[in-house]
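A short worksheet on the structure shown next.
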There are 4 protein chains.
Amino acid sequence: MERKIRMGMVGGGPGSFIGAVHRIAANLDGQIELVCGCFSSHPEKSLETGRSLFLPDNRIYASYQEMIEKESLLPEGERMDFVAITTPNHVHFGPAMMALEHGFHVVLDKPMTYTLEEARRLRDKVRETGLLFMLTHTYTAYPMVKEARERVRRGDFGKIRRVYVEYPQGWLYDDCAATNKQAAWRVDPTRSGKAGCMGDIGTHAFNLAEYITGLKTVELCGELNTFVPGRLLDDDGAALLRYEGGARGTLTASQVAVGVENGLNIRVYGEKGGLEWRQEEPNTMLVRWPDRPAEIVRVSNGYMSGIAAFNSRTPAGHPEGYIEAFANLYRNFALALRARLKGEEPAPETLDFPSVEEGVRGMRFIEAIVSTGATGEKWVKIAD
Amino acid sequence: MERKIRMGMVGGGPGSFIGAVHRIAANLDGQIELVCGCFSSHPEKSLETGRSLFLPDNRIYASYQEMIEKESLLPEGERMDFVAITTPNHVHFGPAMMALEHGFHVVLDKPMTYTLEEARRLRDKVRETGLLFMLTHTYTAYPMVKEARERVRRGDFGKIRRVYVEYPQGWLYDDCAATNKQAAWRVDPTRSGKAGCMGDIGTHAFNLAEYITGLKTVELCGELNTFVPGRLLDDDGAALLRYEGGARGTLTASQVAVGVENGLNIRVYGEKGGLEWRQEEPNTMLVRWPDRPAEIVRVSNGYMSGIAAFNSRTPAGHPEGYIEAFANLYRNFALALRARLKGEEPAPETLDFPSVEEGVRGMRFIEAIVSTGATGEKWVKIAD
Amino acid sequence: MERKIRMGMVGGGPGSFIGAVHRIAANLDGQIELVCGCFSSHPEKSLETGRSLFLPDNRIYASYQEMIEKESLLPEGERMDFVAITTPNHVHFGPAMMALEHGFHVVLDKPMTYTLEEARRLRDKVRETGLLFMLTHTYTAYPMVKEARERVRRGDFGKIRRVYVEYPQGWLYDDCAATNKQAAWRVDPTRSGKAGCMGDIGTHAFNLAEYITGLKTVELCGELNTFVPGRLLDDDGAALLRYEGGARGTLTASQVAVGVENGLNIRVYGEKGGLEWRQEEPNTMLVRWPDRPAEIVRVSNGYMSGIAAFNSRTPAGHPEGYIEAFANLYRNFALALRARLKGEEPAPETLDFPSVEEGVRGMRFIEAIVSTGATGEKWVKIAD
Amino acid sequence: MERKIRMGMVGGGPGSFIGAVHRIAANLDGQIELVCGCFSSHPEKSLETGRSLFLPDNRIYASYQEMIEKESLLPEGERMDFVAITTPNHVHFGPAMMALEHGFHVVLDKPMTYTLEEARRLRDKVRETGLLFMLTHTYTAYPMVKEARERVRRGDFGKIRRVYVEYPQGWLYDDCAATNKQAAWRVDPTRSGKAGCMGDIGTHAFNLAEYITGLKTVELCGELNTFVPGRLLDDDGAALLRYEGGARGTLTASQVAVGVENGLNIRVYGEKGGLEWRQEEPNTMLVRWPDRPAEIVRVSNGYMSGIAAFNSRTPAGHPEGYIEAFANLYRNFALALRARLKGEEPAPETLDFPSVEEGVRGMRFIEAIVSTGATGEKWVKIAD
């Protein structure tokens, strides 16, 4: 078979930010075509969105249940190969589980589910079916993050001692839920889950640190804060982290760091050197050494590792951004899926995307950070 | 009609950098589909590339002449709507002129042609046919460059006095033509034209400055240099510029600024304030004032102008890069073309892409900068 | 009287870094002259240093006891006015207390003493004698730090919610005590005190945050780490801080952040805006707002507050550094002392230097951070 | 003799910026004491300034002629050793020549004189007398500039090809001469000389480039501009430079780059690598290579060259600024003068300060740049 991979979509209707990004990311490398979708729980909005995407009316559905059922009856080569789910957190589990049960591969936005229990059930189903499952922790798909991970793995920095990971934002600094649709569901515990800021962005920071260092967090000691009056979930928090092997970390996340846009950043120091990376300037990594000048490592240069080069598209100095990182997720997923559809084993570099296992860890992190705020106990374990 | 716009491609075979970027840019917003192409002057390479892009064999052509002729015989709704030409400079004029003569709209890489004479003939043909023509001066498609232009236009900085525009690169610092395909044609006067560095990147700098300031360059005084032994074209140069209305500029371009990646940048100062922008961090513009702190203007914030917002896709802090700028060109071109195909007048913001007129100015700049190096005359006019 | 203020010095012999800085800082504004000193516990080294500073032999002393006694017998106008003490921590209390008892004003390096008990006794003596006492927390003497404090105080940012203060360094990343005199005493509990990294630089971070925000830390929850094998004191640590009024902070300090030079930095976010300042580029402060571009506030511009202008010397763009900050301490101390010597009340801006009270708070911070690492209790109070 | 070096001062009265900086710079290292001065052409202002500096009335003079005459009658060990002249340009030659004629060593602010003819006469007198003469081109005294020069000299970057040197400022963007004393004389040809901006700051840029590269400028092609209506001298300009050995440069200087503080910067690229340095962040130099990451070279690290280390005072990460650079000039001058007074040959590193020869070159640059604007000739020679 040499055809594009077929994508169906749940979510991403009018006013959705992340749904549009998923589509752009899927388009970018010309490997995937959108063939159907249920873009809104309002059928007329779903139809409007689908038509604007040049879909025929009979592939625009009124509910995800309808879509999954009808698509599963279409012949191979016509029906969607996988479904991308970009709804708020409380509508993650339903369509994801149903898609897996009907034999569809799944792309799911983070955090994985509304509860840890749902996450465990999804993991079990993925393990049972063997279907491909990708969680869109976008930030680990930047080529420079892959370079960072590779350099840690090959020992450039020696044993890791100290991690600082931060995710400051400012956009929820006041009570904007009434006027901002993106804000509304994130600060609503019935749609977002137990944690607000820590679920939305703290999980990204947690995942980024584990991805780069290759270390699992064993326990944490933290505090959640809610600064905006009347808000029901945390909008800020911080934690001390203890990693396996003795490394120590601090993780902070805030959505009231007023004026900060999307300041995810990480610094990792080992026995022999360290690295520093900032999401807002993602093509640059600072590498520090004890006895010589710091180096400005830049994407797409000849000295980059293979895995980083595999995840970038332009020559040095032609900046790649958030959308390209997101497209790396989809491109890798599509390549892995293409191999599967051919009955081949996917190449390892194509499987380098966040899986259902990372999804469970993210939910465990949320459990731990919520409980540390609530008890007097200093250290809370993050079980695997 | 609600269908995707159909693109054919000339160039972009194996090893091409810019051809792949054109395709990605065209894919990104889901407005355009690639329907045919002649990707190489070697038919087997053209076939190989076309198949990897999921094209049927009968739409993969062995020559651009064959493609344009055969496509023009296909029914509307099946044949390509426009052709994108991404070949080296000496193969710009031929396919572009032939496409226009067969009624196809054209997207063409810069500099527009091999000679000024060709540029004039192309301009006349575009004027005569009324077809859409876009020259891919990518850098003016960044949202922040549009913001800069808009702020100059609305008078934020007062009358412009001083422009510094620079385009340093380092990748041609040694004699790499034998081993680097991208380098080989750029340093070869039979493929590149009268100018090397100034044609390849100096034209971008020249165009950027005129785009942002809205001022035409009247005359220049400059010097071209060739530092790498044996090279036949300039690899470095500088010029003093005089703009209409009394503003003064300096333009420098170099491909031997060793270690610099793609350092296009511009600074513009007027009577009341100034702006500074660097391509390698394209989402940021520094705005300077005499009596208060400099401001860090950032893409996708609420304070951005409408034309900048129209050309960006992600929230603040989610960096957009070179590919998104390139995609803005294609998206705008596609929207304008869609209007044309419907018999409507394109919206003004969709026509904000570089035209054949900018192409002629770029060729005039090349003429002038080449002649200033060759004569003892200090100032050389750039006629319109 | 119009004469220079007369300084005596304890410490600052061969190989001392901070002693030389104290002298340069005292020289800079031409307000102070060095008239005597005991520069080393080795009399011959003291003599050598004193002579290199153009002191007559009879004002170069073999012990601080000798110096304080003999100087106190000299006539006013000849004897020193104050003593500057720049010895390791365990030799702070002795000369400071003796100087106060003999009526000399005191300048003392930080942390104030070896133990909290000594700090309390010194504070009581200062209160009792009314003599001037300055603790050299240099970093709060930068003009931009004063600007930051002033802007918080006047309410620019609204009520403060979130503080991040960090002090990473890398120079103790390995076991350098044997070869580096500066390192040797800092990692030795018999000379440094209960804390290593947290005493040496954590106290600076703690002090900086309280100075800028004007808020007192109520309690903390933290962890001290020792990464270098065999080291007896902490070389890294982190704490969550709770400030009066509900603000939350994180404080990190490390001397194993390999490759980092002297990275003290602070970010403060309130209800209406925020500020960010980094010691390594001290003349710049970023000010963030929710609804408009971030501003790059720069020292010596017309928009700076009076207290910042009072503490800078050069026009904008002529960078002032660490030595100028240190000189601000000495200049302000000298102006205040000159007023005292004339029987006048010092102007308030001249008294804006760290006092014995800040010294006691620093010692309390050390107590708290050491105990938080040792107990299972989550929050430890910092009594006043 | 072991005593401080004795300085007399001409200029530096109330409202002077640079005079105060000279004093601070001379104070800083404790090598120099101010013993006398004529601080203003108004005797009462001279007296007021001298008293504020703790000078006795009999060493505060009403004219520089009086000062030089009376000081020359004082016994060695009491009279001044050298004179520092910090007046506007038209009062440079008179006191400098008279001081040399009376056997005093001289420190003089730049540009050296009002006319090239004066500069030549001063040079001849210095050569004739053998007295020490220092021109305060401060910017070459930064430790990182010395590092840059050293790395070029030892061949790190190969043969130099391309220099970009810029000196943008914004403070004269409007007609501020009436209200700003610093501005008033700089824009007045009767006090400043033939050039305004190019004399004041262009000469710094010219000197910096020749200092770092070790190359002499052979000819230039440029243009001077006056943007502020009614101004009699240039406030902006640019030039193409040709260096000996084939290197090419561009030099720009502007005082209407509104909002820019003191943006002197230089970039130098050779066959093997390049360097980039900015005065506003003077402790950092970027070093670029073709095949590996750019390096962030920072002052006071162990890898710095001896001459850079000799010119810095604090550990890495403790920023040194403009005043420390200025103090390097005075410290080096004082050490060289001390050797001379002892009848010894000064150590080479102490003689690394700008001399009367650089002063003549600066005046020749002014001649050339003024004439290039006035004639139609493209290239103007800079004779030695």
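The values are calculated or read from the model by the stated rules, or taken from the named source; none is laboratory data. The shown structure was predicted, so the numbers you read here are calculated from the model rather than taken from an experiment. Cβ: placed from backbone, ideal geometry, glycine included. Neighbour counts: every protein chain shown. Accessible surface areas use protein heavy atoms only, side chains included; no ligands, DNA or RNA. Shrake-Rupley method; radii C 1.70, N 1.55, O 1.52, S 1.80 Å.
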Selected residue [within 14 Å of chain A (Cβ to nearest Cβ) and not basic (K, R)] from C:T350, C:T375 | C:T375
Taking region A:1-31 only, how many residues are assigned to a strand (DSSP E or B) and open to solvent by 10 Å² or more (accessible area, probe 1.4 Å)?
-> 1
Would you mind stating whether C:T190 is more than 14 Å from chain A (Cβ to nearest Cβ), surrounded by fewer than 19 Cβ atoms within 10 Å (Cβ to Cβ) and hydroxyl-bearing (S, T, Y)?
-> yes
So is C:V152 at pLDDT 95 or above, in contact with a helix residue (DSSP H, G or I) (Cβ under 7 Å, 6 or more places away or on another chain), outside any helix (DSSP H, G or I) and not small (G, A, S) or not?
-> no
Considering region A:178-233 alone, what residues qualify as being closer than 28 Å to A:G15 by Cα and among the basic types (K, R)?
-> A:K181, A:R186, A:R191, A:K194, A:R231
For the subset of region A:84-117 comprising residues that are open to solvent by 40 Å² or more (accessible area, probe 1.4 Å) and in a helix (DSSP H, G or I), which member is farthest from A:R361 (Cα to Cα)?
-> A:E101
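Every residue, every condition in (1) over 19 Å from D:Q169 (Cα atoms); (2) of a type in the set (V, I, T), yes or no:
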| position | (1), (2) |
| --- | --- |
| B:D235 | yes, no |
| B:R242 | yes, no |
| B:Q255 | yes, no |
| B:V260 | yes, yes |
| B:G263 | yes, no |
| B:L275 | no, no |
Starting from region C:363-383, take each residue that is closer than 20 Å to C:N89 by Cβ and list its partners that are open to solvent by 40 Å² or more (accessible area, probe 1.4 Å) and part of a loop (DSSP other than H, G, I, E, B), counting only C-beta distances under 7 angstrom and pairs at least six apart or across chains.
-> C:R364/C:A383; C:I366/C:K194; C:V370/C:K194
Go through region D:281-331 residue by residue and tally those that are free of Cβ contacts under 8 Å to residues at least 60 places away in the same chain and either touching a Pro at 6+ places or on another chain (Cβ under 6 Å) or over 22 Å from D:T350 (Cβ atoms) (or both).
-> 21
Could you check B:S52 against (1) under 24 Å from the mean Cα position of the chain (by Cα); (2) small (G, A, S); (3) closer than 20 Å to A:N27 by Cβ and say which number it fails?
-> (1)
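Counting only residues that are among the hydrophobic types (A, V, I, L, M, F, W, C) and part of a strand (DSSP E or B), which one in region C:188-240 is nearest to C:A178 (Cα to Cα)? If you could, list the steps in order and put the result at the bottom.
Keep residues of region C:188-240 that are among the hydrophobic types (A, V, I, L, M, F, W, C), which gives C:195, C:197-198, C:201, C:205-206, C:208-209, C:212, C:215, C:218, C:220-221, C:224, C:227-228, C:232-233, C:238-240.
Still in the running and part of a strand (DSSP E or B): C:218, C:220-221, C:224, C:238-240.
Numbers: C:V218: 39, C:L220: 34, C:C221: 33, C:L224: 23, C:A238: 27, C:A239: 30, C:L240: 34 Å.
Checking each candidate, the answer is C:L224.
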When every residue in region D:148-184 that is hydroxyl-bearing (S, T, Y) and more than 10 Å from chain B (Cβ to nearest Cβ) is compared, the one surrounded by the most Cβ atoms within 10 Å (Cβ to Cβ) is D:Y167
Select from region A:317-338 the residues that are open to solvent by less than 10 Å² (accessible area, probe 1.4 Å) and over 22 Å from B:P315 (Cβ atoms) and list them in ascending order.
-> A:G317, A:N332, A:F333, A:A334, A:A336, A:L337
Of the residues in region D:234-249, how many are among the aliphatic types (A, V, I, L, M), more than 8 Å from chain B (Cβ to nearest Cβ) and more than 21 Å from the chain's Cα centre (by Cα)?
-> 1
For D:S355: the one exception among (1) within 30 Å of D:Y243 (Cα to Cα); (2) within 14 Å of chain C (Cβ to nearest Cβ) = (2)
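Let's see how each residue does on (1) aliphatic (A, V, I, L, M); (2) more than 10 Å from chain D (Cβ to nearest Cβ); (3) touching a strand residue (DSSP E or B) at 6+ places or on another chain (Cβ under 8 Å); (4) part of a strand (DSSP E or B):
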position	(1), (2), (3), (4)
B:E276	no, no, yes, yes
B:M285	yes, yes, yes, yes
B:R292	no, no, yes, no
B:V297	yes, yes, yes, yes
B:E324	no, yes, no, no
B:Y330	no, yes, yes, no
B:A339	yes, yes, no, no
With D:S52, D:S41 as the choices, which residue is open to solvent by 50 Å² or more (accessible area, probe 1.4 Å) and more than 9 Å from chain C (Cβ to nearest Cβ)?
-> D:S41
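Every residue, every condition in (1) more than 16 Å from C:I382 (Cβ to Cβ); (2) assigned to a loop (DSSP other than H, G, I, E, B); (3) over 22 Å from the mean Cα position of the chain (by Cα), yes or no:
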site	(1), (2), (3)
C:L251	no, no, no
C:N262	yes, yes, no
C:Y269	yes, no, yes
C:K272	yes, yes, yes
Look at region B:225-278 and say how many of its residues are closer than 17 Å to D:G270 by Cα and in contact with a helix residue (DSSP H, G or I) (Cβ under 7 Å, 6 or more places away or on another chain).
-> 7
If you check B:P290 against the conditions, is it farther than 30 Å from D:Y167 by Cβ and surrounded by fewer than 24 Cβ atoms within 10 Å (Cβ to Cβ)?
-> no
Filtering region C:125-149 down to residues that are touching a residue at least 40 places away in the same chain (Cβ under 8 Å) and not in a helix (DSSP H, G or I), which residue is nearest to the chain's Cα centre (by Cα)?
-> C:H137
Within region D:65-82, can one find any residue that is open to solvent by less than 10 Å² (accessible area, probe 1.4 Å), within 18 Å of D:L108 (Cβ to Cβ) and part of a loop (DSSP other than H, G, I, E, B)?
-> yes
